[in-house]
Amino acid sequence: MAWFFNKKERPTAGPQLYPVTCEAVVSAIRAKGGDVHIDDAGFATTDVDGISVIIADSDNCVMLSVLTTADARIDDSPCDADRWVTAFNVNCIGPVMFTTTQPIDGHNATIVHADYRILGSPFALTEEQLTAEVVFGVNAVTEAIRGYIEGFDVGQSPWD
């Protein structure tokens, strides 16, 4: 059995899909005019208004991540980083925020993280979809950390 199509009915191949990789994210940032630094260890970072965004491959996603110490707030008002992060995650739409404790200069410091993940393998995106995800993710993590540093009121923690 043979299929015959005239030119109007011929099926098209569809949009070009690209795998979500660190290299594809770096290319999307550069295509939008962003500068990306890749260090000797292979870590990629881009700077947005003084905030460094880390770009890292994971098993099934590319992660855009920003972190700061909990004491990096501009105002001197006391802030419970864990409660602020919980309130952010409950009340805001955006990246996932969390805290960790890391040894810095001989003492344990609380680190505030903002992460945005773009699903990778087995998924693929068009160039426009990838660019939109990257732009949203980079803006989301930088604004989330900026909100923490500048003391943005994200509402009350549900446990207050």
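We did not get these values from a lab; they are worked out from the coordinates using the rules stated. Worth saying up front: this structure is predicted, and the values here are computed from it rather than measured. Note that each Cβ is placed from the backbone with ideal geometry, even for glycine, and that neighbours are counted across all protein chains shown.
Return one quarter of the surface area of the convex hull spanned by the alpha-carbon atoms of segment 18-149, equal to its mean projected area, in nm². If you can, show how the numbers build up before the last one.
Numbers: hull surface 36.1 nm².
Answer in nm², one decimal: 9.0.
Run the numbers on the chain and let me know its relative contact order in percent, using alpha-carbon pairs under 8 Å that are six or more apart. Spell out each step's value before the answer.
Working: 250 pairs, mean separation 44.8, N = 160.
Relative contact order here is 28 percent.
Within the chain, what's the longest stretch lacking GluC sites (Glu not before Pro) that sit in DSSP loops with no more than 12 other Cβ atoms inside 10 Å?
On the way: sites that count: Glu9, Glu150.
Longest stretch, sites excluded: 10-149.
Taking the Cβ of Val36 as the center, what net charge do the other residues with Cβ under 12 Å away carry, scoring Lys and Arg +1 and Asp and Glu -1?
Working: positive: Arg30, Lys32; negative: Glu23, Asp35, Asp39, Asp47.
Combined, the nearby Lys, Arg, Asp and Glu give -2.
What is the sum of charges around Ala24, taking Lys and Arg as +1, Asp and Glu as -1, for the other residues whose C-beta is under 15 Å from the C-beta of Ala24?
Details: positive: Arg30, Lys32, Arg117; negative: Glu23, Asp57, Glu127, Glu128, Glu133.
That sum, taken over residues with Cβ under 15 Å, equals -2.
With +1 on each Lys and Arg Cβ and -1 on each Asp and Glu Cβ, and nothing else charged, work out how big the dipole of the chain is about its Cα centre, in Debye to the nearest 20. Write out the running numbers ahead of the final one.
Working: 9 positive and 23 negative charges, 205 e Å.
The dipole magnitude comes to about 980 debye.
By Kyte-Doolittle mean hydropathy of at least 0.0 and Cα axial length of at least 18 Å, which whole DSSP H helices of the chain are selected?
Numbers: long enough: 127-149 (33 Å, 0.38).
Membrane-span-like by this criterion, though nothing is claimed about a membrane: 127-149.
What's the ranking of 32-38, 136-142 by average number of surrounding C-beta atoms within 10 Å, highest first? Numbers along the way, then the final one.
Details: 32-38: 11.7, 136-142: 21.0.
Top to bottom by mean Cβ count within 10 Å: 136-142, 32-38.
Please name whichever of Val90, Cys79, Phe136 sits farthest to the positive end of the charge dipole of segment 18-149, dipole taken about the Cα centre and charges placed at Cβ: Lys and Arg +1, Asp and Glu -1.
Selected residue: Val90.
Give, as a single signed number, the net charge of other residues whose beta carbon lies under 14 Å from the beta carbon of Asp49, with Lys and Arg counted +1 and Asp and Glu -1. Each step should come with its number before you reach the end.
Working: positive: Arg146; negative: Asp35, Asp47, Glu143, Glu150.
Within the 14 Å Cβ shell, the charges total -3.
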